[in-house]
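One structure below.
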Amino acid sequence: MTCVIFCGGRIDDYAHAEEYCKKAELVISADSGARHCRALDIVPDILVGDFDSIDKSDYTGLKAAGVEMIGYPAEKDMTDSELAVEIAINRGCSRVILLGAIGSRLDHSISNLFLLKKIHDANVEGIIADEKNEIRLISGSIRLKRKDGVFVTLLPVAGSASGVSTRGLYFPLEGAVLELGSSLGVSNRFSEEEAYIEVKEGLLLVILAKE
């Protein structure tokens, strides 16, 4: 089951965001992410958060529509986005896509990126997407279909990543070690219709980025 979570960050192109929603079987709004649902004329299945930043009219409209409301006190131990991720995992989702997860608040943006680790540890596929980027966290291997005009960046997190090998990328790697803080894996690109990326030890952020 695929879940789309609308966070409270920026979405500049709603047509792009709508593409991710077409196959979603569960839609969760994390508090003020409800404004994105309204812009897309989507009624989420669940609204979660402390409801401190949601527009009042969005809140009352979703409540009147019978949306499942899961409220928390303002002084809580998780962000609204993390609460939404926990719900998605607990309800058996195998794929979680976060939209509006990046914005002007760098602390929230980085925290949302780190949610990919929580999703990964639950053996669930996680993606953070906006108009210019798709971000995944992997261990093991992944295959990616070619996208024109897209850069492929591999960044280690939580220490170095070793045994990094790639096929189908312009600058190949074979058993490489990517050190935390190194830019070695930045701005590669597709050379074939499919790319294969493998890491034997450690974790890699795989970022597909457009100018």
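With an 8 Å Cα cut-off and a minimum separation of 6 or more residues, compute the relative contact order for the chain in percent. With pairs under 8 Å counted, the relative contact order is 19 percent.
Cα-based radius of gyration for the range 2-131, normalised by 2.2 N^0.38 Å, reads 0.94. Note on the range 136-209: Kirkwood hydrodynamic radius from all Cα pairs is 11.8 Å, rounded to one decimal.
Among the listed pairs LYS76/LYS118; LYS117/LYS147; LYS145/LYS210; LYS117/LYS200; LYS23/LYS145, a Cα-Cα separation exceeding 20 Å is found for LYS117/LYS147. Across all directions, the average flat footprint of the convex hull enclosing the Cα atoms of the range 60-211 is 10.8 nm². Between LYS118 and LYS210, full extension at 0.36 nm per residue minus the direct alpha carbon distance yields a gain of 30.5 nm.
In plain terms, the chain from VAL177 to SER53 could stretch by 40.3 nm, reckoned as 0.36 nm per residue minus the Cα-Cα distance. Here the spin labels are modelled as points 7 Å beyond Cα on the Cα-Cβ line, and at ILE70 and LYS23 they lie 2.4 nm apart. The packing ranking of peptides 21-30, 154-163, highest mean first, is 21-30, 154-163, where packing means the average number of other beta carbon atoms within 10 angstrom of each residue. Helical runs (DSSP H, four residues minimum) scored at -39500 (n - 2.57) apiece and divided by the length of the chain put the mean residue ellipticity at 222 nm at -7000 deg cm²/dmol.
With Cα atoms defining each centre, the range 120-149 and the range 169-206 are spaced 13 Å apart in the structure.
The order of the peptides 171-181, 201-211 by mean Cβ neighbours within 10 Å, most packed first, is 201-211, 171-181. Of the Cα atoms belonging to the range 92-141, the radius of gyration and Dmax stand at 10.9, 32 Å.
Coordinate-derived values only; no laboratory data. These numbers come from a predicted model, not from an experiment. A quick note on method: Cβ atoms are made from the backbone with ideal geometry, for glycine too, and the neighbour counts reach across all protein chains shown.
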